[in-house]
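The structure appears right after this line, and notes come after that.
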Amino acid sequence: MNNMSTIVNDRSLSGNDISVYLSPQTTKGVINATPAFDQFRRTEGKPKKEITYVQSGEVKTNRQGRIQVQDASTFTGEPAFELNQSTALYFDAMLHGNATDNTVTSVVTIGSDAAGFVSSNADFAGYAVGDWFMASGFTDPLLNILYKISVFTDSNNIETVNAPASVEAEGASVTIESIKTSSGSAQTYFTTQTRTVDKSAAGDIDYRTFYDAIINTGSMKIGETGIVTGSFSLAIEQLLAGAALISGQTDNTADTSDPVSAIDNISRIYVNGVDSNCGVKSMGLEFNNNYQGDRSAACEGERHAYGDIDVTGALVTRAVISDTFDWRNKFENSTAFALAPAFTWSDGRWMVVEIMRAKLTEHTMPDGSNVVSSNEMAYSAEEDPITSTTVQIFRNF
């Protein structure tokens, strides 16, 4: 028997036949002349056009159904994802922040002391209290970890929340990595495109292109087990007519990084910059830019204006009898705390997402027989007076 694949001219469509791509726009209102797209590694969801109808109020003497008239159209999209290196980069756009690279590579002018790090060459210029960085290259391998700056004396002297494991003089070739993005008002708009197998379309692909899309809300969920998941809600303003590709469009190389799991890729979860030592069981983050729709007669879709940031989430921690009511006291005393999961990949890339100043808004402890009495809580974040931010992201890619 000569094995040959079957020519298939028609079959049922599947979700695998649909893909979503995004390309950042240089200018709002204009698709880039030669847009370069990244495939969005989604688990479900895509941009779409939604239409609402209104029923005519005319009195029908024959009692038959009244006319249905299109009332409004809205362009939306809610792609869900697993956290990997490519989806992590969209957090910058969610925060409305610009990335600042403060990395210093392979210098011999950094040493450690009992409280932090010192430099003879202003290597800490650009850093500030609250910043995270990864150190590498020290002779003592215990020094090559993540740190959060607690005191910024000057560009030659900083202290860290977790004190260095040892004192080491300058001389080793040291690198400190830190690319920072803070929640702000720097908007990033995207051209977003769905590509669907369609034998009736040119090249067998239907291209539906929306533009002036911005991330309104974003979420991230870290469970006790399983893959870290999330979703984005897009506020989209315009739809390009037709189903053809854009002249000159290209695709960037696809990301192949592993999705983050609750065990293999979450190296630590920090509370106030200190490793919780498995004290945090699970957590979630809900980030909302509070975009409001702005409609106009004779125009399809809507424009959007942003509001104040809202950041909320769920948090579950262990209750241990050495300090049974630590978290209940935080709740009752309205004690502010910082919360930061750190993610790592096998290729050496890492990322820290820090809620700078959270307060607990709910707290319960299961108290039945044969149950674990964890702290089950909800939090809401406020502006941190030291950094003037609500959420910050630090990474090395």
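The table below lists the values:
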item	result
Residue satisfying all of: in the range 21-35; among the aliphatic types (A, V, I, L, M) and in contact with a strand residue (DSSP E or B) (Cβ under 9 Å, 6 or more places away or on another chain); most open to solvent (accessible area, probe 1.4 Å) among these	Val30
Options Ser173, Ser185; residue that is within 30 Å of Tyr291 (Cα to Cα) and either in contact with a Pro (Cβ under 8 Å, 6 or more places away or on another chain) or open to solvent by 50 Å² or more (accessible area, probe 1.4 Å) (or both)	Ser185
Strands (runs of 3 or more DSSP E) wholly inside the range 1-73 containing at least 2 residues that are more than 22 Å from Arg195 (Cβ to Cβ)	47-55
Test set (1) out of contact with any Ser or Thr (no Cβ under 8 Å at 6 or more places or on another chain); (2) in contact (Cβ under 8 Å) with a residue 24 or more places away in the chain; (3) not acidic (Asp, Glu) - Thr344 fails condition number	(1)
Residue match in the range 151-161 (condition: more than 24 Å from Arg41 (Cα to Cα), aromatic (Phe, Trp, Tyr) and open to solvent by 40 Å² or more (accessible area, probe 1.4 Å))	yes
Residue list for the range 200-229, restricted to those being buried (at least 20 other Cβ atoms within 10 Å of the Cβ) and either at positive phi or part of a helix (DSSP H, G or I) (or both)	Asp212
The range 114-152, residues that are over 25 Å from Val271 (Cβ atoms) and of a type in the set (Val, Ile, Thr)	Val118, Thr139
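Table: residues versus (1) surrounded by fewer than 15 Cβ atoms within 10 Å (Cβ to Cβ); (2) not β-branched (Val, Ile, Thr); (3) not in a loop (DSSP other than H, G, I, E, B).
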site: Ser86; (1), (2), (3): no, yes, yes
site: Gly97; (1), (2), (3): no, yes, no
site: Ala114; (1), (2), (3): yes, yes, no
site: Asn121; (1), (2), (3): yes, yes, no
site: Ala128; (1), (2), (3): yes, yes, no
site: Met134; (1), (2), (3): no, yes, yes
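The values are calculated or read from the model by the stated rules, or taken from the named source; none is laboratory data. Values in this document were obtained by computation on a predicted structure and should not be read as measured data. Here Cβ is always computed from backbone atoms with ideal geometry, including for glycine, and neighbour counts include all displayed protein chains. For the accessible areas, the whole protein counts, side chains as well, though only heavy atoms, and no ligand, DNA or RNA atoms are used. Shrake-Rupley method; radii C 1.70, N 1.55, O 1.52, S 1.80 Å.
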